[in-house]
Each structure stands twice: as C-alpha cells, then as structure tokens.
Amino acid sequence: MSDYDDDYYDDRYECGRWVGKRPNWFTKKWKRLPLKGKLIVFLVVIVIAFLAGRALYVRLKMHADQTQQVQEPESKSQSVSLGLKNIGEFATESAYMTVVNQTDDSKHLFSWGLPFTESKYLYSYNVVIKFGYDFTKATEDVDQESKVISVHLPETEVLSDEVDYDSLTVYEENESPLNNISLQENNDAVKQLKETAERDATNNGAMDAAQQNAVTFIRSFAKQGWPDYKVIVYDSNNQEILLPGEESQLPDGSSQSSLSSSASSSSKD
C-alpha cells in the first residue's frame, strides 16, 4: 500500500471491501494531456483570474466614486461654526478700582441747615468691574475657499461690578445722633460708588482693553481648529478691530479701525 500515491489514486472498494487503489478521473485526464494542452489550460486559468480581479477592481472603484460624489456636496453644504455662541457671557478685562466717596447729609429748614444735624462720612471701597461680551449675540462666518474667518462682536458690556466690602477705609466719620443715615441712603451711596468705578475704569481704557483681549482670545480659539485660517474680528459698528501695530487684513484695506480711534470715540461718548 505504501507504493501507491494518495494524490494519484482513489481507494477502490467492491462489496464494501477494499480491493486496492485506482487512478482518479482528473489525474488520468491530466496525465494524458500533452504539454501544449497543459500550457493552454494554465493560460486560461490566468486570464480568467485576471479578468475576475479586474472586474472586482472596477466595481469597487465605481462604488467609491459614487460614495465620494454623494459626500462632497454634503460637506460643502455643512455650516462650519467656531462655537463662540456656546461660551455665553465671557469677561475679557477686569478693572480694580479704588473709589473714594462722601456721604453728607443734614436736616434743613427752609433751605437752612439745622445745627447739630449734620452727618458726614468720607470713605473708600475697592470695586471690581468686569468688561466683556455676550458671545450668544456674536455672528461668525467661515469661508473655506479663501480660508478667512470673520467674527462680528456685539457691544462691549459691563458684566459685573462687585464691591469688596472688606476693603472699607474710613477717612472721616461724623454722624449726628439727630440725623442717622438711613439704609436707603447707604444703598444709594453704593450705587453711586459702582457708577463712579465704571466711569473711571472706562476712562482709563478698560473697555478698549476688553476689546483687544477679545480679539486675542478669538484668534487663539480659532487656531485650535483652523490653524491655516486668517481671523478678522469686527466691532458692533462693523469696523475691523486691529491690535496695536497691526495693519488691516482685508484685501482692499478698507473698514480699518484701530483701537486708538475707538478709544477716542468711546471717551467722547
């Protein structure tokens, strides 16, 4: 049995009993086929495999092209957003002001001050004023062809004004027992204190600093997702905001607005 080639012969059974091995059909046909015929069969197999592979490649390529054609219009039509509106209110400048205030009150009779009724306080508080923007009111546009991001800011706002009551410094205190300062007068004094702090901070350029810091923040924010894009920021008057020493980034150089000019206009207001 070891003299038989298992690949060349099939087992032969008669009446359920093994009687030997015989050549299988394919092996006998292949053995009888001349060399030229074998070469032809080999070439036919190669051609069939090539055509099948080519057909599969063409089919896959057509499917990929169709998928790309469907996806390209969708990507172009999608709106791109920086996500600034998700930030909400954001303070870009904090001003720390020390405001000296005076509360002076006395009883009057026919416009004449009554003696021994004068109450006077001279004191100071530290006030923290935060300037910034409500970014839900900002508008943005991303031009993917020219790679330009345009952001239009709303007006700069005073987001908060907080009095540090622990910072109280009293310079003069004179309260008459005949004329105590009321709670309403204290509230009015605090309100006046905040208004003075806001006005002084604005005159000292805090609002313009808030605008400048907003531009720096927006550019850094945009560079995280679009490092190759140019960022142009506009104020509420649709004027380009330029940092000190910068030139207009617009193609024609129009709509320029330096911080110095905006500062002068705000101070005039």
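The values are calculated or read from the model by the stated rules, or taken from the named source; none is laboratory data. Just so it is clear, the model here is predicted, and its values are computed rather than measured. Note that each Cβ is placed from the backbone with ideal geometry, even for glycine, and that neighbours are counted across all protein chains shown.
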- Any chance K137 is modelled with pLDDT of 80 or more, of a type in the set (D, E, K, R) and in contact with a strand residue (DSSP E or B) (Cβ under 8 Å, 6 or more places away or on another chain): no
- Query: Out of all the residues in segment 203-250, which are assigned to a loop (DSSP other than H, G, I, E, B) and aromatic (F, W, Y)?
  - Reply: W226, Y229
- Starting from residues that are more than 41 Å from the chain's Cα centre (by Cα) and part of a helix (DSSP H, G or I), keep the ones in segment 172-187 and report whichever is modelled with the lowest pLDDT. L183
- Message: Restricting to segment 200-217, give me the number of residues that are of a type in the set (D, E) and within 15 Å of Y96 (Cβ to Cβ).
- Response: 1
- Item | Residues located in segment 105-134, provided they are at pLDDT 60 or above, in contact with an Asp or Glu (Cβ under 9 Å, 6 or more places away or on another chain) and of a type outside the set (D, E, K, R) | S119, Y121, L122, Y123, Y125, N126, V127, V128, I129, F131, G132, Y133
- Task: Could you grab me the full set of residues in segment 28-55 that are of a type in the set (D, E, K, R), surrounded by 10 or more Cβ atoms within 10 Å (Cβ to Cβ) and at pLDDT below 75?
- Result: K28, K29, K38
